[in-house]
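K.L.:
Can you keep this structure in mind? I'll have questions shortly.
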Amino acid sequence: MSQSAVAEVSLQPGRPRRFLKPETQTAMLFLLPSFLGFMVFMALPIVASLALSFTNWQLISTPSFVGFQNYIRLFTVDPAFYTILRNTLFFAVEYLALNLVISLTLAVWISSLKRGKAIFRVIFFLPTFTPTIAASVVWLLIFTPDGLADTIIRALGLGLPNFLLSSTWAMQAIVLVTLWANVGYNVVMFNAALDLVPKHYLEAATIDGANAWQRFWRIRLPLISPTIFFGTVMTAITSLQIFDEIFAMTRGGPGSATATLGFAIYQKGFTNFQMGYASALAWVMFVMIMALTILQFHMQRKWVHYDD
């Protein structure tokens, strides 16, 4: 074919060129509802809260731009902020440590059972299905004066004060209730990871004379470290966002002993109608969560072992 014929054929109009394959178009069509939901209910509110953090908005008035005044007030003027921040970090550290230790201990115990593993998994996982507010109200009744907790304390002669009325013990009650409600998730996850550890590794270690603790510390724990890392990240994030238990049981009291960032955001935004200030608090929480997560991903190189 001559060059002129080739040029003539190339210039002829043909079918429109498709930039996406039919299967890609179908996938995008199915993903569209989830994408729209994410944009409307996640992305746009996040951007809106960032914009509101630079305004003074009383909810029923027109927002007025104030620049960084909300953040300046947060760190230099508001005397309660550092108390709230300290309570949040205290709860997060204690809850994270206890959750990981208790859930890993229970997971190892369940893994050692010959029978009934599924039953105990269900028992420990059941509280995670319970609505948090409903469970917190039940625990509130348990901790009320002359309730079940007070009756047990008096019967044992411990001489402890009522947990919810003591500024020293109120946070411990919140930690206890949160552990009861959420520890089952990590128990099931860690137990599943333990059951996937190859048996021949443990058998070889036993033949070499390793005891139960050595088999756990040197073989099982390193092999499930990716799962522990995932559980640590997710538990840390949820601990910094604690709200439901505090709202239902203490409302931040007594005084400000259990006031955390999550409760302060609700209080400033929906009780005091200071939406701009509440948005600034929300972004402080967001930065804390992001910084902690980045730190955990950086440190995981030192202790997380991936099976290549």
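The values are calculated or read from the model by the stated rules, or taken from the named source; none is laboratory data. Every value quoted in this text rests on a predicted model; they were computed, and no experiment measured them. Backbone-built Cβ (ideal geometry, glycine too); neighbour counts: all protein chains shown. Keep in mind that these areas ignore ligands, DNA and RNA; they rest on the heavy atoms of the full protein, side chains included. Shrake-Rupley method; radii C 1.70, N 1.55, O 1.52, S 1.80 Å.
K.L.:
Out of A212, A282, A259, which single residue is open to solvent by 50 Å² or more (accessible area, probe 1.4 Å) and small (G, A, S)?
P.N.:
On the way: A282 fails: open to solvent by 50 Å² or more (accessible area, probe 1.4 Å); A259 fails: open to solvent by 50 Å² or more (accessible area, probe 1.4 Å).
That would be A212, the only listed residue that is open to solvent by 50 Å² or more (accessible area, probe 1.4 Å) and small (G, A, S).
K.L.:
On the given criteria, is L292 touching a residue at least 12 places away in the same chain (Cβ under 8 Å) and open to solvent by 50 Å² or more (accessible area, probe 1.4 Å)? Steps first, please.
P.N.:
Values: touching a residue at least 12 places away in the same chain (Cβ under 8 Å): yes; open to solvent by 50 Å² or more (accessible area, probe 1.4 Å): yes.
So L292 passes the test.
K.L.:
Does the range 46-55 contain any residue that is open to solvent by 40 Å² or more (accessible area, probe 1.4 Å) and either among the hydroxyl-bearing types (S, T, Y) or farther than 16 Å from V284 by Cα (or both)?
P.N.:
no
K.L.:
Would you please list the contacts, defined by Cβ atoms under 7 Å and residues six or more apart or on different chains, that run from a residue in the range 175-194 that is closer than 15 Å to M249 by Cα to a residue that is open to solvent by less than 20 Å² (accessible area, probe 1.4 Å) and not in a helix (DSSP H, G or I)?
P.N.:
T178/I242
K.L.:
Here's something else I'd like to know. Please find, within the range 295-307, the residue that is surrounded by the most Cβ atoms within 10 Å (Cβ to Cβ) out of those that are closer than 17 Å to I237 by Cβ and not aliphatic (A, V, I, L, M).
P.N.:
Taking the candidates together, the pick is Q300.
K.L.:
Return the residue satisfying two criteria in turn: it lies in the range 59-72 and is within 30 Å of the chain's Cα centre (by Cα) and over 11 Å from A278 (Cα atoms), and of such residues it is modelled with the lowest pLDDT.
P.N.:
First pass over the range 59-72, keeping only residues within 30 Å of the chain's Cα centre (by Cα): 59, 68-72.
From the residues that got through so far, the ones that are over 11 Å from A278 (Cα atoms) too are 59, 68-69, 72.
On the way: L59: 82, F68: 94, Q69: 95, I72: 95.
Only one residue fits best here, namely L59.
K.L.:
Same structure again: Considering A204, A173, A149, A193, which residue is in contact with a Phe, Trp or Tyr (Cβ under 6 Å, 6 or more places away or on another chain) and either at positive phi or at pLDDT 90 or above (or both)? Talk me through it step by step, then tell me what you get.
P.N.:
Details: A204 fails: in contact with a Phe, Trp or Tyr (Cβ under 6 Å, 6 or more places away or on another chain); A149 fails: either at positive phi or at pLDDT 90 or above (or both); A193 fails: in contact with a Phe, Trp or Tyr (Cβ under 6 Å, 6 or more places away or on another chain).
When all the criteria are applied, what remains is A173.
K.L.:
Can I265 be described as crowded, with 19+ Cβ neighbours inside 10 Å and within 26 Å of S103 (Cβ to Cβ)? Give the steps one after another, and end with the answer.
P.N.:
On the way: crowded, with 19+ Cβ neighbours inside 10 Å: yes; within 26 Å of S103 (Cβ to Cβ): no.
Considered against the rule, which asks whether it is crowded, with 19+ Cβ neighbours inside 10 Å and within 26 Å of S103 (Cβ to Cβ), I265 comes out as no.
K.L.:
F81: of a type in the set (A, V, I, L, M, F, W, C), closer than 22 Å to A170 by Cα and crowded, with 16+ Cβ neighbours inside 10 Å, yes or no? Even if it seems obvious, please write down each step before you answer.
P.N.:
Numbers: of a type in the set (A, V, I, L, M, F, W, C): yes; closer than 22 Å to A170 by Cα: yes; crowded, with 16+ Cβ neighbours inside 10 Å: yes.
Yes, satisfied.
K.L.:
Scan (1) open to solvent by 20 Å² or more (accessible area, probe 1.4 Å); (2) in contact with a Pro (Cβ under 7 Å, 6 or more places away or on another chain) for the single condition A118 breaks and write down its number.
P.N.:
Only one criterion in (1) open to solvent by 20 Å² or more (accessible area, probe 1.4 Å); (2) in contact with a Pro (Cβ under 7 Å, 6 or more places away or on another chain) is unmet by A118, namely (2).
K.L.:
I would also like to ask the following. Checking L106 against (1) over 26 Å from N162 (Cβ atoms); (2) open to solvent by less than 50 Å² (accessible area, probe 1.4 Å); (3) modelled with pLDDT under 95, only one condition comes out false. Which one?
P.N.:
(3)
K.L.:
Please verify whether L100 is of a type in the set (A, V, I, L, M), within 20 Å of K268 (Cα to Cα) and either open to solvent by 20 Å² or more (accessible area, probe 1.4 Å) or in a helix (DSSP H, G or I) (or both), treating the condition exactly as stated. Reasoning before the result, please.
P.N.:
Details: of a type in the set (A, V, I, L, M): yes; within 20 Å of K268 (Cα to Cα): no; either open to solvent by 20 Å² or more (accessible area, probe 1.4 Å) or in a helix (DSSP H, G or I) (or both): yes.
It is false that L100 is of a type in the set (A, V, I, L, M), within 20 Å of K268 (Cα to Cα) and either open to solvent by 20 Å² or more (accessible area, probe 1.4 Å) or in a helix (DSSP H, G or I) (or both).
K.L.:
Let me ask another. Any idea how many residues of the range 175-201 are open to solvent by less than 30 Å² (accessible area, probe 1.4 Å) and among the aliphatic types (A, V, I, L, M)?
P.N.:
Here is the first cut: in the range 175-201, the residues open to solvent by less than 30 Å² (accessible area, probe 1.4 Å) are 175, 177-179, 181, 183-184, 186-187, 190-191, 193-194, 197.
If we keep only those that are among the aliphatic types (A, V, I, L, M) too, we end up with 175, 177, 179, 181, 183, 187, 193-194, 197.
Within the range 175-201, residues that are open to solvent by less than 30 Å² (accessible area, probe 1.4 Å) and among the aliphatic types (A, V, I, L, M) number 9.
K.L.:
Does T238 meet the test of being surrounded by 15 or more Cβ atoms within 10 Å (Cβ to Cβ), in a helix (DSSP H, G or I) and touching a helix residue (DSSP H, G or I) at 6+ places or on another chain (Cβ under 6 Å)?
P.N.:
On the way: surrounded by 15 or more Cβ atoms within 10 Å (Cβ to Cβ): yes; in a helix (DSSP H, G or I): yes; touching a helix residue (DSSP H, G or I) at 6+ places or on another chain (Cβ under 6 Å): no.
It is false that T238 is surrounded by 15 or more Cβ atoms within 10 Å (Cβ to Cβ), in a helix (DSSP H, G or I) and touching a helix residue (DSSP H, G or I) at 6+ places or on another chain (Cβ under 6 Å).
K.L.:
Could I ask something else about it? Do we find that L148 is over 25 Å from the mean Cα position of the chain (by Cα) and within 22 Å of F124 (Cβ to Cβ) in this structure?
P.N.:
Yes, satisfied.
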